[in-house]
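The values are calculated or read from the model by the stated rules, or taken from the named source; none is laboratory data. Everything quoted here is computed from the prediction, not taken from an experiment.
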Amino acid sequence: MKCIRKVYPDGRAILPNPKHVEKAKVLLGMEGCQSVGTPHTDILDEDESEELAVADGEIYKKVNGILQFHSKYRTDLQFPAKVIGRRARCPTVNAMLQ
């Protein structure tokens, strides 16, 4: 996963490639969606919904990996990455909705 490197007069910046976010949007069927200020779902930590199908579970895990990669460069993504990563072993329907 090659990063974008920028050199500025007062330092350097290493940024993740935005193509990975676009890939996650395609995997989730969210092309053309706009972000909101505070996305939220009212799903409890004790998730008793059914487990995702194998294909959907693989999508969940791929998007989780993309989010984990980007969280190294964007601290605002570290908490959501942690929450999503908790359910990566056995993703459920409610976990996918979060």
Inset, instruction - Provide a single number: the residues in the stretch 25-72 that are part of a loop (DSSP other than H, G, I, E, B), farther than 17 Å from Val93 by Cα and at pLDDT 85 or above. - result: 1
Legend entry - Positions within the stretch 53-74 being of a type in the set (Ser, Thr, Tyr) and farther than 13 Å from Arg86 by Cα, in sequence order: Ser71, Tyr73
